[in-house]
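This report refers to the structure that appears directly beneath it.
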Amino acid sequence: MKTRMEAKRLVMGVKDKPTYFNSQMRQKLIGNVKRAVIKIGSGVLTAKDGLNIAVIERIASEIAILKRRGIEFAIVSSGSIAAGVPKLGFSQRPTAMAELQAAASVGQTSLMRAYERSFEKYDIMVGQILLTNRDLSYRHRFINAKNTISTLLELGIIPIINENDTVVVDEIRLGDNDFLAAQIINLVGADLLLLLTDTGGFYDKDPNLNNDAKLISVVENITEEVSHLAADTSTSVGSGGMKTKVEASEMAVEMGIPAVIGNGLQENSIIDIFEAKDVGTLFLPKKEGLKSKKHWIRYSPNINGSIEVDGGAFEAIAKRGKSLLPGGIVMVNGKFKEKEIVSLMGPEGQEFARGQVNYDYHDLLKMKGKKTDEIKRELGNKYPDEVIHRDNLVLIDR
């Protein structure tokens with residue numbers, strides 16, 4: 001078991017490099033960003049009595065300055081429920097789903113009005129986008145959302161994106177806006193994910209509980225030790241903590257996109273980050289990131305079933321980059337449909353891949369373990385040979 005100090009050394013990654021190295025690295029990764037996704041948490045946007053209008057106006061002013069420099073922004077904004085709670089007279093955030101949805105409904109109007117008034121001072125229009133799990137889980141809806149947001153950006157409009165909290169239930173929730181923001185970088189083809197929170201970044205321990213907590217400037221690899229350090233620090237205001245921010249950063253770096261966790265309450269923090277100053281925590285991107293569709297498959301919010309494969313199929317897919325054929329299937333679990341995302345399970349019961357399946361579960365139950373010529377006699381020639389083509393399959397690194 002590694003000690004905390006050993007874990008910290010692993011997290012830092014570049015701890016022995018001089019300061020100018022950090023500066024050059026930030027300039028290289030952030031200095032040429034043309035399109036960014038900024039996620040703003042409830043802890044930044046809200047005060048005791050509702051929305052913190054002064055903070056929203058300051059954030060809008062900083063984004064306006066950067067927008068004039070040619071950078072496009074999509075904003076993923078929390079705050080609708082937190083804004084709605086005091087409007088409804090609740091003393092604290094409710095737990096009942098119906099009350100949460102009511103708070104989101106009245107709070108969302110206040111949130112959008114605050115953004116609209118703040119940005120119109122700089123002749124910038126905003127547009128509201130509300131998404132659910134299903135909008136990101138099904139490819140045609142994903143593409144529709146992508147086209148809408150891309151059009152807004154091309155027109156110079158800043159999309160303000162949130163989960164549609166007024167209609168979702170637990171079974172179809174995305175879970176947290178950090179996860180939503182990481183999905184949006186894929187939707188819009190962003191160059192940077194910026195997660196604004198009420199702390200300075202990612203620390204070696206919870207700064208709310210430890211006065212000696214130290215900010216980690218750079219995370220080279222998101223290891224198991226990093227995940228352990230990212231202990232959940234959720235509050236009564238928001239639904240996430242540092243754990244979800246590190247997970248969102250991992251989704252970004254897997255696509256080859258840098259991520260930064262920064263302080264949304266500190267004046268000029270957004271400008272400082274885009275000017276590559278040493279503020280916040282920078283997560284370094286993978287050199288070879290996942291392509292857009294494979295990233296969508298890997299991080300789909302809705303896995304609809306699983307397919308267990310034998311040892312031969314496991315070796316062919318995991319080691320030789322092959323497609324999944326019917327003969328390698330041992331068991332089919334779940335009532336999934338054609339083109340939905342499923343997990344692939346190896347001989348020892350471990351998930352090792354995810355993919356977009358070419359058949360529904362009814363057909364696969366008939367096909368499993370059979371050779372191609374047997375299947376063609378039973379189902380005809382119009383069906384593809386592959387159950388999941390390798391282009392629609394991504395390995396899961398455990």
Considering 67, 28, which residue is closer than 17 Å to residue 194 by Cα, among the basic types (Lys, Arg) and either touching a Phe, Trp or Tyr at 6+ places or on another chain (Cβ under 7 Å) or outside the structural domain of residue 285 (by TED's automatic domain parsing) (or both)? 67
Residues of the stretch 108-131 being assigned to a loop (DSSP other than H, G, I, E, B) and surrounded by 19 or more Cβ atoms within 10 Å (Cβ to Cβ), in sequence order, are 124
Would you pick out the residues in the stretch 262-271 that are in contact with a strand residue (DSSP E or B) (Cβ under 9 Å, 6 or more places away or on another chain) and under 18 Å from residue 203 (Cβ atoms)? 262, 263, 264, 265, 269
Would you say residue 292 is farther than 23 Å from residue 201 by Cβ, buried (at least 19 other Cβ atoms within 10 Å of the Cβ), modelled with pLDDT under 95 and not β-branched (Val, Ile, Thr)? no
Residue list for the stretch 67-91, filter: on the phi > 0 side of the Ramachandran plot and either crowded, with 17+ Cβ neighbours inside 10 Å or among the charged types (D, E, K, R) (or both): 79
Failed condition for residue 142, given (1) touching a residue at least 40 places away in the same chain (Cβ under 8 Å); (2) surrounded by 22 or more Cβ atoms within 10 Å (Cβ to Cβ): (2)
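Condition check ((1) crowded, with 23+ Cβ neighbours inside 10 Å; (2) not in a strand (DSSP E or B); (3) not assigned by TED's automatic domain parsing to the domain that holds residue 336) across all residues:
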position	(1), (2), (3)
194	yes, no, yes
213	no, yes, yes
245	yes, yes, yes
256	no, yes, yes
260	yes, no, yes
265	no, yes, yes
276	no, yes, yes
279	no, yes, yes
Which pairs do you get when a residue that is without any contact (Cβ under 8 Å) to a residue 12 or more places away in the chain and farther than 15 Å from residue 37 by Cβ, found in the stretch 270-287, comes within reach of a residue that is assigned to a loop (DSSP other than H, G, I, E, B) and β-branched (Val, Ile, Thr), reach meaning Cβ atoms under 8 angstrom, with the pair 6+ apart or on two chains? 272/279
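Yes/no matrix, rows are residues, columns are (1) within 28 Å of the chain's Cα centre (by Cα); (2) farther than 11 Å from residue 307 by Cα; (3) surrounded by fewer than 16 Cβ atoms within 10 Å (Cβ to Cβ); (4) of a type outside the set (Val, Ile, Thr):
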residue	(1), (2), (3), (4)
326	no, no, no, yes
331	no, no, yes, yes
341	yes, no, no, no
348	no, yes, yes, yes
354	yes, no, no, yes
362	no, yes, yes, yes
376	no, yes, yes, yes
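Look at residue 103 and say whether it is buried (at least 19 other Cβ atoms within 10 Å of the Cβ) and either on the phi < 0 side of the Ramachandran plot or at pLDDT 95 or above (or both).
In short, yes.
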Are there any pairs, at least 6 apart or on different chains, whose C-beta atoms fall under 6 Å, with the first in the stretch 346-361 and among the aliphatic types (A, V, I, L, M) and the second assigned to a strand (DSSP E or B), and if so, which? 353/344; 353/393; 353/395; 357/342; 357/388
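The values are calculated or read from the model by the stated rules, or taken from the named source; none is laboratory data. Just so it is clear, the model here is predicted, and its values are computed rather than measured. In this analysis, Cβ positions are derived from the backbone assuming ideal geometry, glycine residues included, and neighbour counts consider all displayed protein chains.
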